[in-house]
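The values are calculated or read from the model by the stated rules, or taken from the named source; none is laboratory data. Everything numeric here is computed off the predicted structure, so don't read it as measured data. Methodologically, a virtual Cβ is constructed for each residue, glycine included, from the backbone with ideal geometry; neighbour enumeration extends over all protein chains shown. The protein model used for the area step is the full one, side chains on, heavy atoms only, and it has no ligands, DNA or RNA in it. Shrake-Rupley method; radii C 1.70, N 1.55, O 1.52, S 1.80 Å.
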Amino acid sequence: MKLKLHWQILIAMAVGVVFGIIFQNVYHGEPTGWFYGLITSLGTIFIRLLKMVIVPLIFSSIVTGVSGISDGKSLGRLGGKTLLYYVTTSLFAILIGLTLTNIIRPGDGVTLATSANFDASTIQTPGSPAGILIRMIPLNPVNAASSGDMLGIIFFAIFLGVVITKLEPKYRDTLRNLFESFFEAIMKVTEYVIKLAPLGVLGLITKAVATSGFDLFTAVGIYMATIATGLTIHLFVVLPILFFLLTRINPIHHYRSMASAMATAFSTSSSSATLPVTMRCIEENAGVSNRVSSFVLPMGATVNMDGTALYECAGVLFIAQVLGIDLSFSQQFIVVITALLASIGAAGIPSAGLVMIFIVTQAVGFKDADVALIIGTMLAVDRPLDMFRTMVNVTSDSIGTAIIAKSEGETELYQNVKM
Ligand code: ASP
């Protein structure tokens, strides 16, 4: 009997942890040697293959999905629901982060001066929220595609998709068929790439475990535990309850359908790189139409980041506690709003959320130099938190897709779910 893909991936993760621990004990530092090189290159190859399909996948799927929605009203409704879902769940996540960090106060009494060696000038602080919106419009779509500017590609693809519906039938049908066929071909490519997921995940997890320094983890253990607890509550309590309330479907079906995507998000720390797997799981396992998934998922991968939003808020309060600053109610309110904007602005790549913390600390008026010292330590322990929050980000995107599909009257959901 052939083992289901998500079980293969989970086993690969476990083996990766064992390999990682062995390498750590053998090398006591950055491991070397041909065997380590071989295993970790499996991870690199997997990520490269995923990245290879992202741009053609998002582009063809959005154009196909949007051009299949013939009236502007449906499109507006879909857009409205999508944005409402993104904002609501991100705010839930932020409130969990806010509450937990205020109760546990992980930053009290932590002194980090010796462990931090981080140069603030290496950080590029992102622009204003308005700037993020303006940057959505690409100067040149081809350039956006070649530089992996996701929001730029999405903007152009939606625009093109809408315009295709307005063409004369002769042109409209030709273009639609062309993009649909191309989309099918890219989905097939994705199917082959995903078959390699267990090997890729083995390489990625081995490297993550082998290269992490556990000493620092214990120094800021409570901070990490606070964030992990918040992410767990959001992932396994808030999102499933929301899912159940809005769809009346057992959430376990959804988590089973998405297991491979969740494991890939965890191993790659990148919502964008995981997008091909997320799309396949939601369409093949959960049975959501391309019309909805092509609209909600690609944008969700860059815009809807619940895990990151929780992390921004909790991270800034942690920094305030380490610096011994008490934030007033209105300052905490600013933290909530800017954490939301920072999570929207963060790219779906590893550690993007950490850099975005500067948006929030600047909004409440902390000095960059003080903050940089603490962020240096946060960066050193960021990998496991990043893996976890990326998994939450991707799961939230997929739950939103399923909820919206159900609300659009789709009835064939979760017919293929088996363990
Ligand atoms: N790595 C996260 C993602 O791709 C973003 C972050 O750093 O929070 O979803």
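Pairs meeting the criteria (first residue in region 252-269 and touching a residue at least 12 places away in the same chain (Cβ under 8 Å), second residue among the acidic types (D, E) and within 12 Å of the ligand (Cβ to nearest atom), beta carbons under 8 Å, at least 6 apart or on different chains) are S269/D386.
Just to be sure, is A380 farther than 30 Å from N290 by Cβ, in contact with a Cys (Cβ under 7 Å, 6 or more places away or on another chain) and within 16 Å of the ligand (Cβ to nearest atom)? Answer is no for this residue.
Does region 335-344 hold any residues that are away from the ligand (no atom under 11 Å from the Cβ) and buried (at least 17 other Cβ atoms within 10 Å of the Cβ), and which are they? Within region 335-344, V335, V336, T338, A339, L340, L341, I344 meet the criteria. For region 53-85, filtering for residues that are open to solvent by 10 Å² or more (accessible area, probe 1.4 Å) and assigned to a helix (DSSP H, G or I) leaves 17.
For region 356-377, a residue qualifies if it is open to solvent by less than 50 Å² (accessible area, probe 1.4 Å) and among the aliphatic types (A, V, I, L, M), and the qualifying residues are M356, I357, I359, V360, A363, V364, V371, A372, I374, I375. Scanning region 252-272 for residues that are within 9 Å of the chain's Cα centre (by Cα) and not polar (S, T, N, Q) returns a single hit, A265. Cβ separations smaller than 9 Å between residues 6+ apart or across chains give the following pairs from region 297-312 residues that are farther than 18 Å from S61 by Cα and among the aromatic types (F, W, Y) to residues that are open to solvent by less than 10 Å² (accessible area, probe 1.4 Å) and near the ligand (Cβ under 8 Å from one of its atoms): Y311/M305; Y311/S343; Y311/G353; Y311/L354; Y311/D386; Y311/R389. Counting only helices (runs of 4 or more DSSP H) that fall entirely inside region 99-204 and contain at least 2 residues that are at pLDDT below 80, the qualifying elements are 129-135.
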